[in-house]
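One structure is given here, and the rest of the page talks about it.
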Amino acid sequence: MRAATDSVRMDIERLQPPVQPEPVVELPASLRILTINMHKGFGFLNRGFVLHELREAVRASGADVVFLQEVLGAHRRHASRYANWPDQPQYEFLADSMWPQFAYGRNAVYPQGDHGNALLSKYPILQHGNIDVSVGRHERRGLLHCALTLPGAGIVVHAICVHLGLRERQRRSQIGSLIDYVATSVPLDAPVIVAGDFNDWRGRIGDTLDEVGLREVFAARERSPARTFPARWPLLRLDRIYVRGLHIEEAAVLDTRPWSHLSDHVPLVAQVRL
């Protein structure tokens, strides 16, 4: 009787599927970040529609996360004027198959269309929102905030794409709004990337973002932000990449061809790790 019971037990054990080990998913060793004011897809001094060439250059950069400013969601007049104007919004055209995740923050709306900030990501965007920081009625500005999840330990990186106003009074107010937003809406222990066109040509922002633990990658390595404008002869330090909770491995200005004729700004790239 016991032998039969043992036989039945062995048969049951044979029928049970083997326990599969949990797959091991490694965190990315580092993140490559690129930011560029893309001038609505037009080259330096508006010399030609260069969106197709810009897409190839951004692809070749190997960026994991791309921060874009002055992105057209739509423009009916341009669409009728240029034969190679894409059918989809510019941010979708740039994302293509390289960045499966993207978000758009529409800021300015006018009869022909709209433009704003966008973010392209190789990692899932859990949620995103566009925070209105406009000062006055004539310059519509926003902070595009995306929460990105990295594979492995469920780490969330907060990415905020910025394009501040042309007037210093506007920028002071918008920097205050950015500081308040990070302090109240982003967990204190979360990694953060803030990048974009700060229009701070007089260098008045300085270390103000230290208040929420953000440090500018070029200032951290070379004592001052990088020169990015105008693209052919960069003199003004308009574009920035700030990070918190991330180690800076590399930072570079992409100021040679093809970048020098793809916009009126040249892009910044940084490599960071958790």
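The values are calculated or read from the model by the stated rules, or taken from the named source; none is laboratory data. Since we're looking at a predicted model, the values are computed, not measured. Cβ coordinates were reconstructed from backbone atoms using ideal geometry, including for glycine residues, and neighbour counts include every protein chain displayed. The protein model used for the area step is the full one, side chains on, heavy atoms only, and it has no ligands, DNA or RNA in it. Shrake-Rupley method; radii C 1.70, N 1.55, O 1.52, S 1.80 Å.
So the values come out like this:
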item	result
Total residues in segment 1-55, condition outside any helix (DSSP H, G or I) and either modelled with pLDDT of 95 or more or closer than 23 Å to residue 252 by Cα (or both)	15
Residue ranges of strands (runs of 3 or more DSSP E) in segment 165-274 with at least 2 members open to solvent by 10 Å² or more (accessible area, probe 1.4 Å)	247-253, 268-273
Inter-residue pairs, beta-carbon under 7 Å, first among the β-branched types (Val, Ile, Thr) and in segment 39-55, second part of a loop (DSSP other than H, G, I, E, B) and open to solvent by less than 20 Å² (accessible area, probe 1.4 Å), 6+ apart	50/43; 50/262
Single residue of 142, 129, 62, 105 found to be at pLDDT 95 or above, at positive phi and within 16 Å of the chain's Cα centre (by Cα)	62
First in segment 210-229 and touching a residue at least 12 places away in the same chain (Cβ under 8 Å), second anywhere and among the basic types (Lys, Arg) and buried (at least 19 other Cβ atoms within 10 Å of the Cβ), Cβ under 6 Å, 6 or more apart	213/244; 214/244; 216/240; 225/237; 225/240; 227/237
Residue count, segment 241-256 (criterion: farther than 15 Å from residue 36 by Cβ and out of contact with any Asp or Glu (no Cβ under 6 Å at 6 or more places or on another chain))	8
Answer from 262, 238, 274 - the residue that is out of contact with any Ser or Thr (no Cβ under 7 Å at 6 or more places or on another chain), more than 15 Å from residue 33 (Cα to Cα) and aliphatic (A, V, I, L, M)	262
Matching residues in segment 155-164 - criterion: being open to solvent by less than 20 Å² (accessible area, probe 1.4 Å) and among the β-branched types (Val, Ile, Thr)	157, 160, 162
Close pairs (6 angstrom Cβ cut-off, 6 or more residues apart or separate chains): over 17 Å from residue 161 (Cβ atoms) in segment 181-196, open to solvent by 10 Å² or more (accessible area, probe 1.4 Å) anywhere	183/212
Number of the exception - residue 97 against (1) modelled with pLDDT under 95; (2) touching a strand residue (DSSP E or B) at 6+ places or on another chain (Cβ under 6 Å)	(2)
Scan of segment 168-180 for residues that are in contact (Cβ under 8 Å) with a residue 12 or more places away in the chain and not hydrophobic (A, V, I, L, M, F, W, C), ordered by number	168, 169, 170, 171, 172, 173, 174, 177
